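Down below is the structure, laid out as structure tokens.
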Amino acid sequence: MTAEHREPVSQAPSAIETDVSLAVIEYGDAASAYAPAMTAPGLPQSVVDDYAIVVDVLALARKVPLPDVPPLLAVGTRALLRVHHALLG
């Protein structure tokens, strides 16, 4: 094989890429724990809306460029915290 026809070498992810990927996984796990509560009767619409933000953030976090993930997760985490507090009463 000549130098011009070599297969591309994939590089291992950086520590930051790994940390961000793990944060997205953890965020998804935390968010999924609240999913059953979203069908409770009498749940305020604001809680459902906040949970929708949480789900949207999770979907976006898997698609946007790496530098955009942490601020996106910050928005989702605040929405998840509002859901948590609302469910506690």
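For the range 17-42, the candidate set comprises residues that are more than 16 Å from the chain's Cα centre (by Cα) and hydrophobic (A, V, I, L, M, F, W, C); within that set, the residue that is farthest from Val54 (Cα to Cα) is Ala40. Of all residues in the range 17-27, those satisfying the criterion of being open to solvent by 40 Å² or more (accessible area, probe 1.4 Å) and of a type outside the set (A, V, I, L, M, F, W, C) are Glu17, Thr18, Asp19, Ser21, Glu26. Residue count for the range 2-57 satisfying the condition of being aromatic (Phe, Trp, Tyr) and more than 18 Å from Thr77 (Cα to Cα): 0.
I'd like the full set of residues that are among the small types (Gly, Ala, Ser) and in contact (Cβ under 8 Å) with a residue 12 or more places away in the chain, limited to the range 52-70. If the condition is that a residue be among the small types (Gly, Ala, Ser) and in contact (Cβ under 8 Å) with a residue 12 or more places away in the chain, then Ala61 is the only one that fits. Only residues that are in a helix (DSSP H, G or I), touching a residue at least 40 places away in the same chain (Cβ under 8 Å) and open to solvent by less than 70 Å² (accessible area, probe 1.4 Å) were counted across the range 28-49, and they come to 4. Inclusion of Ala61 among residues that are surrounded by 17 or more Cβ atoms within 10 Å (Cβ to Cβ), at pLDDT below 95 and not charged (D, E, K, R) is warranted.
Touching a helix residue (DSSP H, G or I) at 6+ places or on another chain (Cβ under 9 Å), over 29 Å from Ala15 (Cα atoms), among the aromatic types (Phe, Trp, Tyr) and part of a helix (DSSP H, G or I) - does that describe any residue in the range 50-57? Yes.
Considering only residues of the range 74-83 that are out of contact with any Leu (no Cβ under 9 Å at 6 or more places or on another chain) and within 15 Å of Glu26 (Cβ to Cβ), which is most open to solvent (accessible area, probe 1.4 Å)?
Of everything passing the filter in the range 74-83, Leu81 is most open to solvent (accessible area, probe 1.4 Å).
The values are calculated or read from the model by the stated rules, or taken from the named source; none is laboratory data. Keep in mind that this is a model prediction, so the values were computed, not measured. Because the Cβ atoms are built from the backbone with ideal geometry, glycine has one as well, and the counts that use them run over all protein chains shown. Keep in mind that these areas ignore ligands, DNA and RNA; they rest on the heavy atoms of the full protein, side chains included. Shrake-Rupley method; radii C 1.70, N 1.55, O 1.52, S 1.80 Å.
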